[in-house]
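Reading through the structure tokens given below for one structure.
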């Protein structure tokens, strides 16, 4: 996972320490742009990073190998002799470039890369001009980590042949299956040719992207990002556009035109228009339009969208409020138009902000509130914007007003966000006390506390997590667990990101704390999280009290599966007073385990996910009979998991009365809200969490508790 889709980023509160001084920045007028960025990055890493690796030949070699792997993940571009010769020249030079030497390494690598890509583009035509024989017993290995670089051009050519053959086989089988349902008159030979043509279109698009989009500067940005992430996976380099996009995503709102985009066969297509947005007001844009060019302001030069993916297109279309963006569009009828739009604030309240619902159990006569929080958002660019802890407090109060018996906080797939908000949010459920310890490289741990003795909610509490619950989610779950305030339910453990980052702008004038720079920004790991009980959330994550089998468990997606991750350690515990709980954790575990043993759905998930994880490690068959058999087996196992994840008898889930008509004037949002409720009603994990909550409610009614 290169960048965990903006989900695993955590932002430290303003005022973080600066371990470096602007006076050590090189004279920007005396060096080139690449050299300046490299030297500034080196200063940040060596003097600011929480646990910096020595910038020496060993580090340089790691960056070199990492960069090649990013450029060539399938190991079908570079030859072994390329890697050896480039390594002799540059593998031990990158540390020198970080210390001021002329930047040559990525340029040298890029030249060879461009040469090999050009060769591959020629091979593509050669290989796809001839029919493939899908009766031959052979297989394709597409996982570069399991292979060495090819020793010869012939071996490299054969890797391309097998990869293209596999892509063609996938499409050939799909076309054969479609032929059966559509009663097509095409022969198998015609379908095989059509499959090759589809692969040719796809690969041409990929090579066009290399030519159009993957410039020298793009390669440099990737190179610098490899340097920073070699320190740890969350120390990342953002070119200026990337940093702006990150801020907008985490704030839950952004400035744009209000159009949903999709990447389709190499084109950027509009698939939806937000009501009341600039796109809607234009009267020109509509779903189905293709965006062919994007220009800034009245006089900016248009940028051709050929080869751009959606994220790249979005970076160009979004911008500051009140600024103009010009789109050239192609209508479905072939008509081409240019439209000028003024960017406005677009809010993602359905998808980004906290919301709640109620689960009713008519047999046990219980009402459980569920609060869904997709991220710990905070308004970076809007002082009057919404923040997650105040929104969650509002949802808690709504549920209290409805007299729920218990509350479930759903933090599944919540990758983190604002540290300030999570500390305040924990305070909604505990009396005053420490919430998390944060330690930098120079000083002892700083204890961040909830200083408000009031408690908004004192009833039964559960926290749902999974493998993608990270950063702030882990702080919340860990504090609730350490205080014995509630039960953590979910995967064996959360993601395991226990580090704090701060964005530091790189600018010709110097470093900019919490800001942008004209040279980009580095999201630098400055601190590390520790639970109030002393253990770090880094690498180990938060282990669930009640474990529910997950299909993602064996897919090696957590922090501990990244070779560059910082290690787990412990410090002294804080002084805190646990909650006087009304439940016995061992009893809750026993009751949950008994339910799971009787639940065939979770047995299927555990058994099939293990099979699929093992199957995922195998090479890909190029024989059509073997391919079909494997495809059938995978589909059967996957379909069984999908079916198992839906309840046979839906939960009784409903919105709060005041929420029913919240989006009555926006059918799109109203429909998305209904789909969310429907998803909850079919959720087997929520069903199990609800059963645990019912056990907690039963115990709380039998035990007098004083806190």
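The values are calculated or read from the model by the stated rules, or taken from the named source; none is laboratory data. Computed from a predicted model, the values in this text were never measured in an experiment. Every residue, glycine as well, gets a Cβ built from its backbone with ideal geometry; the counts of neighbours run over all protein chains shown.
Among residues of the stretch 85-103 being surrounded by 13 or more Cβ atoms within 10 Å (Cβ to Cβ) and out of contact with any helix residue (DSSP H, G or I) (no Cβ under 7 Å at 6 or more places or on another chain), the one that is farthest from residue 46 (Cα to Cα) is 85. Can you confirm whether residue 357 is in a helix (DSSP H, G or I) and assigned by TED's automatic domain parsing to the domain that holds residue 461? In short, no. Scanning the stretch 322-341 for residues that are in contact with a strand residue (DSSP E or B) (Cβ under 6 Å, 6 or more places away or on another chain) and surrounded by fewer than 14 Cβ atoms within 10 Å (Cβ to Cβ), which turns out modelled with the highest pLDDT? Per the stated criteria, the residue is 338.
Residues in the stretch 471-513 that are over 20 Å from the mean Cα position of the chain (by Cα) and in a strand (DSSP E or B): 487, 488, 489, 504, 505, 506, 507, 510, 511, 512, 513. Do the conditions hold for residue 563, that is, is it touching a strand residue (DSSP E or B) at 6+ places or on another chain (Cβ under 7 Å) and farther than 30 Å from residue 701 by Cα? Considered against the rule, which asks whether it is touching a strand residue (DSSP E or B) at 6+ places or on another chain (Cβ under 7 Å) and farther than 30 Å from residue 701 by Cα, residue 563 comes out as no.
Among the residues making up the stretch 547-561, those that are part of a loop (DSSP other than H, G, I, E, B) and surrounded by fewer than 18 Cβ atoms within 10 Å (Cβ to Cβ) are 552, 554, 555, 556, 557.
Among the candidates 564, 568, 576, the residue that is assigned to a loop (DSSP other than H, G, I, E, B) and closer than 20 Å to residue 480 by Cα is uniquely 576.
Within the stretch 388-412, the residues that satisfy the criterion of being closer than 22 Å to residue 673 by Cβ and touching a residue at least 60 places away in the same chain (Cβ under 8 Å) are 393, 396, 398, 399, 402, 408, 409, 410, 411, 412.
Against the numbered list (1) out of contact with any strand residue (DSSP E or B) (no Cβ under 7 Å at 6 or more places or on another chain); (2) modelled with pLDDT of 95 or more; (3) within 21 Å of residue 406 (Cα to Cα), residue 588 comes up short only at (1).
Could you say whether any residue in the stretch 604-621 is modelled with pLDDT of 95 or more, more than 28 Å from residue 470 (Cβ to Cβ) and within 31 Å of the chain's Cα centre (by Cα)? Checking the stretch 604-621: at least one residue is modelled with pLDDT of 95 or more, more than 28 Å from residue 470 (Cβ to Cβ) and within 31 Å of the chain's Cα centre (by Cα). Checking 576, 530 one by one, the residue that is within 30 Å of residue 431 (Cβ to Cβ), in contact with a strand residue (DSSP E or B) (Cβ under 7 Å, 6 or more places away or on another chain), surrounded by fewer than 21 Cβ atoms within 10 Å (Cβ to Cβ) and in contact (Cβ under 8 Å) with a residue 60 or more places away in the chain is 576 and no other. Yes or no: the stretch 285-300 includes at least one residue that is under 27 Å from the mean Cα position of the chain (by Cα) and part of a helix (DSSP H, G or I). Within the stretch 285-300, none of the residues are under 27 Å from the mean Cα position of the chain (by Cα) and part of a helix (DSSP H, G or I).
Residue check: is residue 167 touching a residue at least 12 places away in the same chain (Cβ under 8 Å), outside any helix (DSSP H, G or I), within 31 Å of the chain's Cα centre (by Cα) and closer than 22 Å to residue 72 by Cα? No: the conditions fail for residue 167.
Between 415, 385, the distinction of being farther than 30 Å from residue 568 by Cα and touching a residue at least 40 places away in the same chain (Cβ under 8 Å) belongs to 385 only. When residue 67 is tested against (1) surrounded by fewer than 18 Cβ atoms within 10 Å (Cβ to Cβ); (2) assigned by TED's automatic domain parsing to the domain that holds residue 222; (3) closer than 28 Å to residue 207 by Cα, just one condition goes unmet, and that condition is (1).
With the structure loaded, tell me whether residue 540 is closer than 30 Å to residue 597 by Cα, within 21 Å of the chain's Cα centre (by Cα) and free of Cβ contacts under 8 Å to residues at least 60 places away in the same chain or whether it fails that test. Yes.
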